[in-house]
């Protein structure tokens, strides 16, 4: 069993390395990238939209069961980028947490509360040796009653921030660079669904078919979290290709 | 706490008598964003850099300086997620104290309990020390107070202190500028100047945070507009 003075065990459980880092947490980030998909989330004036790749590795698989986009409540959505099994475990707990919140306090769980709950849970995994961090970066979206459209990203280290736009997964950095450029050129830029989809296309440098991506949306005038159907995605893709 | 397989401390003595995990935790603190605190004659100010990983982050969703009670505030250097755990535990302890004694918890007591939690995590089974140092600022019947708590759980009262990346320059600067009869406004100016010393890029109300508490005993975080006003005065 490990007797921790860090004699090599700083790579196995979440104890500090001599440089003051947590290797297990850093490896968890790598696990997110190893899933091979990239996701993008954007927040506009009246809506929040998340987009992710849908890779079905085997033709015999039922595509409808391959998903990373989960409704947590009617009004909250969660996009989990990374290890599918960890994602499903997280979603199950999140759904339970949100339902209990609604029961206990009598109103719907706000976006930032869910994000904070997940982030605090992730922090526990970084401090207690008996559980490893989850290999999932979660983007939580919803319309807050007071603050409007909200998009939060939570990572295995326990950090969580609100974002105007963000990305996770394999090409995370390229996507963020792309989105930052749009923001620098126009600070009042409002990100919409088409921005998210076209951003993903340009970062991955491929044109998608509607069955190769998943899109989730919440709108101020329709705050229920919705996963777009293949037809609706097709409309957006056609609009983008006609524009270019 | 935790699985019985980990019912032994991960923080153990090295042959030279050092607790190496705590030293590594301090290294983690030392690579965190700079924060500082100054105790004035009529109040306390704490401040920190607020460098966000991208311009896409909504800075209004992030607040590093937190309240523990209405008259005690805290800022950290190091791992943000760890600081959230400590803030949460301290808030609960403050409330438990109030429920028992029907009195607001004195600053020293809250500091002691927070430090005890941090010490626990250096000795308990299956956990690692916290990767944060805290600066706790409060005003109670004993006047304005500023405490620094380290990952080991040791704490000291300071007239002025700094933590994080630029700690040695910041402390030298503070030593030169500190005077016993400083007032809160002067302290805020000094805090800003100290942060400016090591700041990379353009300093503004959006990338630093300042919290103050005065004789009114109400801790509050300044708005970006108020910080910009102070910055203009300092120019």
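Worth pointing out:
- Test: residue B:30 is touching a residue at least 60 places away in the same chain (Cβ under 8 Å) and closer than 22 Å to residue B:153 by Cα: yes
- Residue B:206 vs. criteria within 26 Å of residue B:232 (Cα to Cα) and either crowded, with 21+ Cβ neighbours inside 10 Å or touching a residue at least 12 places away in the same chain (Cβ under 8 Å) (or both): yes
- Selection over region A:159-177 of residues that are closer than 14 Å to residue B:53 by Cβ and either touching a residue at least 12 places away in the same chain (Cβ under 8 Å) or touching a strand residue (DSSP E or B) at 6+ places or on another chain (Cβ under 6 Å) (or both) gives a count of 13.
- Restricting A:158, A:162, A:148 to those that are facing chain B (nearest Cβ under 7 Å) and surrounded by fewer than 24 Cβ atoms within 10 Å (Cβ to Cβ) reduces the list to A:162.
- Which listed residue is assigned to a helix (DSSP H, G or I), modelled with pLDDT of 95 or more and touching a strand residue (DSSP E or B) at 6+ places or on another chain (Cβ under 6 Å), from A:119, A:138: A:119
- Strands (runs of 3 or more DSSP E) contained entirely in region A:24-86, each with at least 1 residues that are without any contact (Cβ under 8 Å) to a residue 40 or more places away in the chain: A:69-71
- Subset of region B:50-82 (residues that are assigned to a strand (DSSP E or B) and more than 8 Å from chain A (Cβ to nearest Cβ)): B:66, B:67, B:68, B:69, B:72, B:73, B:74, B:75, B:76, B:77, B:78
- Yes/no for residue A:18 being within 14 Å of chain B (Cβ to nearest Cβ), in contact with a helix residue (DSSP H, G or I) (Cβ under 7 Å, 6 or more places away or on another chain) and more than 20 Å from residue A:174 (Cα to Cα): yes
- Restricting attention to region A:120-152, the residues being more than 20 Å from residue A:226 (Cβ to Cβ) and touching a residue at least 40 places away in the same chain (Cβ under 8 Å) number 11.
- Test result for residue A:87, buried (at least 20 other Cβ atoms within 10 Å of the Cβ) and within 30 Å of residue B:7 (Cα to Cα): yes
- The strands (runs of 3 or more DSSP E) falling completely within region B:92-158 that include 2 or more residues that are in contact (Cβ under 8 Å) with a residue 12 or more places away in the chain and crowded, with 18+ Cβ neighbours inside 10 Å map to B:132-140, B:143-149.
- Residues of region A:123-145 satisfying the condition of being over 22 Å from residue B:86 (Cβ atoms) and either facing chain B (nearest Cβ under 10 Å) or surrounded by fewer than 22 Cβ atoms within 10 Å (Cβ to Cβ) (or both): A:132, A:144, A:145
The values are calculated or read from the model by the stated rules, or taken from the named source; none is laboratory data. What you see is a predicted model; the values in this text were computed from it and never measured. No Cβ is skipped: glycine too gets one built from the backbone with ideal geometry, and neighbour counts run over all protein chains shown.
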